[in-house]
Amino acid sequence: MGESVNLFEITNLYKCYNNKAKPRVYAVYNTNLTIKKGEILGLVGESGCGKSTLGKMLLKLEQPSRGRIIFNQQDITDYSFNQMRKIRNSMQMIFQGSANAFNPYFTVEQIISEPLNNYSQESTEKKREKIIAMLEKVGLDQTYLTRYGHEMSGGQRQRVGIARALILNPEFVVCDEAVSSIDYAMKNQILTLLTDLKQQFALTYLFISHDIAAVNKICDRVVVMYLGNIVEIISNINGDVQHPYTKALLAATLIPDPQKREKKMVLYKDEEELKIPERGCVFQNRCLYTQEVCKAEQPSLVPKTGEHYIACHFYYNH
Ligand SMILES: Nc1ncnc2c1ncn2[C@@H]1O[C@H](COP(=O)(O)OP(=O)(O)OP(=O)(O)O)[C@@H](O)[C@H]1O
Ligand SMILES: [Mg+2]
């Protein structure tokens, strides 16, 4: 393998939302992360742990409260909307039901040409050619051009969503729950499609998902987040996970009934647990192994072996 190049370098990134009703909540807390060109980086963690917020900050759809975001060696942290315009077409997002969010009165052609209209002055014929070529790449033929959202299945709509995201030749795509609420067989097809497209278009993905099996299937590395903090980074989420939180998350996910599993993904007992402790480890209130040191000092994210990072004072004991 050649030397890997970083597409993103994120340092000490924070996002704090100022909620009037609640105390200040850090959705993302002191996050350091690199995303390598060409990789599929998984991002998992319970509902509300900050996954979408992190994804949106990378695309500058949310402004970080602190920290830096370097994209292709450019510091984009303080880029204005206009400065972002030049690179915004190289970053896209596919989200859960993104296809459902399309204007119901738009045809597939209108849906996919929308981003093109914002960025290019090409003729309608030229755009249509591009759209047909892209539809074919996502496994749909040109008869779909005139269809409306309600005339398609969930899987077909998601393919349209992917075509729309890729029509401007992005370099980086955030897939935020992109395969959630799609049935199992269709999910596997979409995952295969995403991996094929990644190869063809030399893409890099941040793949946010509750679905550990999907993450395991396509991701090169997986980041595990808990209350805005990265607690573990690992190549194989079903492999040698060490952090007590990752273990708990996997245990909750292994419940066979999907209905119960979804519910289990939210394990918080009360508001108190949603707050990041003022000192020490972020997971101290729920961890089975908490010691004095865990309450006093926040463990840093340290490499165990090559690609495996853990933020736990006692990882080797569990
Ligand atoms: N616009 C906002 N204003 C205020 N608080 C917000 C906003 N967006 C997110 N939050 C809060 O920030 C935290 C992280 O939210 P985020 O949506 O990033 O979580 P998530 O991991 O993507 O969750 P899910 O798995 O449910 O999509 C949550 O506590 C959420 O309530
Ligand atoms: Mg989210």
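The values are calculated or read from the model by the stated rules, or taken from the named source; none is laboratory data. Everything quoted here is computed from the prediction, not taken from an experiment. With ideal geometry, Cβ positions are generated from the backbone for all residues, glycine too; neighbour counts draw on all protein chains shown.
Listed by first and then second residue, the pairs with beta-carbon distance under 7 Å, at least 6 apart or on different chains, first residue in region 170-195 and in the same structural domain as residue 159 (by TED's automatic domain parsing), second within 16 Å of ligand 1 (Cβ to nearest atom) and part of a helix (DSSP H, G or I), are 174/55; 174/58; 176/52; 176/55; 179/214; 187/214; 191/214.
When residues in region 160-198 are screened for being of a type outside the set (S, T, N, Q), outside any helix (DSSP H, G or I) and more than 21 Å from residue 101 (Cβ to Cβ), 1 of them pass. Looking across 220, 196, one residue alone is charged (D, E, K, R) and in contact with an Asp or Glu (Cβ under 6 Å, 6 or more places away or on another chain). It is 220. Restricting attention to region 201-223, the residues that are in contact with a Pro (Cβ under 9 Å, 6 or more places away or on another chain) and at positive phi add up to 0. For region 197-236, a residue qualifies if it is aliphatic (A, V, I, L, M), within 16 Å of ligand 1 (Cβ to nearest atom) and in contact with a strand residue (DSSP E or B) (Cβ under 6 Å, 6 or more places away or on another chain), and the qualifying residues are 206, 208, 215, 222, 223, 224, 230, 231.
Within region 10-59, the set of residues being in a loop (DSSP other than H, G, I, E, B), within 21 Å of residue 92 (Cα to Cα) and within 7 Å of ligand 1 (Cβ to nearest atom) comprises just one member, 50.
Checking 131, 94 one by one, the residue that is in contact with a Ser or Thr (Cβ under 8 Å, 6 or more places away or on another chain), in contact (Cβ under 8 Å) with a residue 24 or more places away in the chain and among the β-branched types (Val, Ile, Thr) is 131 and no other. All conditions in (1) of a type in the set (Val, Ile, Thr); (2) modelled with pLDDT of 95 or more; (3) within 28 Å of residue 110 (Cβ to Cβ); (4) within 16 Å of ligand 2 (Cβ to nearest atom) hold for residue 192, with the sole exception of (4). The residues of region 199-216 that are more than 15 Å from ligand 2 (Cβ to nearest atom) and modelled with pLDDT of 95 or more, listed by number, are 199, 200, 201, 202, 203, 204, 205.
Against the test of being acidic (Asp, Glu), crowded, with 16+ Cβ neighbours inside 10 Å and within 16 Å of ligand 2 (Cβ to nearest atom), the options 177, 171 yield a single qualifying residue, 177. In region 20-28 there is at least one residue that is without any contact (Cβ under 8 Å) to a residue 12 or more places away in the chain, closer than 26 Å to residue 283 by Cα and of a type in the set (A, V, I, L, M, F, W, C).
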